[in-house]
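Written out below as structure tokens is the structure these notes cover.
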Amino acid sequence: MTPVQSTAPVLQLRVALTTSDYDRLQQFYCTGLGLEPAQVWTHGDHRGLMLEMGHATLEIFDDGYAAYIDQLEAGARVSGQIRFALQVPDLHAAMDRALANGATLVHPPVETPWGDYNVRLQDPDGLQVTLFQA
């Protein structure tokens, strides 16, 4: 069977995180968020892994809109240039699991004007992560 060719200009989004504490970040994303490794790589003593995270989109905000989203989710402008937003089926279960595995609570759950339920966390390396339940 011949693979279907896509005419889309981009076929996949991958985000690569580099950390000085691989085990800590692996525990947060695998155990804390419940993601299963799709691939695991080694090169001598060095390690990497790929986690598939469902459908991916790229959001681009100007400073004012980023401040608006931060105000809604965290009460103040707190995120950096990059923040993950991950849709989860059960916000409280996902939040509890993430917190038990190295996440820091930035702001408790809030309901957004568009009807999602969001919580703002920070991963063990300081990257802000929004978990949201539609």
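The table below lists the values:
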quantity	calculated
Loop GluC sites (Glu not before Pro), the range 28-88 (other Cβ atoms within 10 Å of the site Cβ: 15 or fewer; DSSP)	52, 59
Relative contact order for the chain, counting Cα pairs under 8 Å that sit 6 or more residues apart, in percent	23
DSSP-loop chymotrypsin sites (Phe, Trp or Tyr not before Pro) across the range 71-133, with at most 16 other Cβ within 10 angstrom	114
³J(HN,Hα) computed for each position of the range 54-62 - Karplus, 6.51 cos²θ - 1.76 cosθ + 1.60, integer Hz, glycine/proline x	x, 5, 10, 9, 10, 9, 10, 10, 7
Label point distance in nm, residue 57-residue 100, each placed 7 Å from Cα along Cα→Cβ	3.1
For the range 23-34, Karplus couplings with θ = phi - 60° (6.51, -1.76, 1.60), whole Hz, Gly/Pro x	4, 5, 6, 4, 4, 4, 6, 7, 7, x, 9, x
Modelled FRET efficiency - R0 22 Å, residue 114 with residue 78, Cβ distances, 0.05 increments	0.60
DSSP loop trypsin sites (Lys or Arg not before Pro) with at most 13 other Cβ within 10 Å: longest gap in the chain	15-76
Residue (of 91, 134, 22) at the positive-pole extreme of the chain, dipole from beta-carbon charges	22
Apportionment of accessible area to carbon and sulfur, the chain, percent (1.4 Å)	52
Under 5 Å, built H, 5+ apart or other chain: amide partners of residue 86	130, 131, 132
Distance in nm between pseudo-label sites at residue 85 and residue 65 (7 Å out along the Cβ direction from Cα)	0.9
Computed magnitude of the charge dipole of the range 1-113 (debye, nearest 20; Cβ of K, R +1, Cβ of D, E -1)	220
Span per principal axis, largest first, for the Cα atoms of the range 31-104 (Å)	44, 27, 24
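The values are calculated or read from the model by the stated rules, or taken from the named source; none is laboratory data. Every value quoted in this text rests on a predicted model; they were computed, and no experiment measured them. Ideal geometry is used to build each Cβ from the backbone, glycine not excepted, and the neighbour counts take in all protein chains shown. These accessible areas exclude ligands, DNA and RNA; they are computed on the full protein's heavy atoms, side chains included. Shrake-Rupley method; radii C 1.70, N 1.55, O 1.52, S 1.80 Å.
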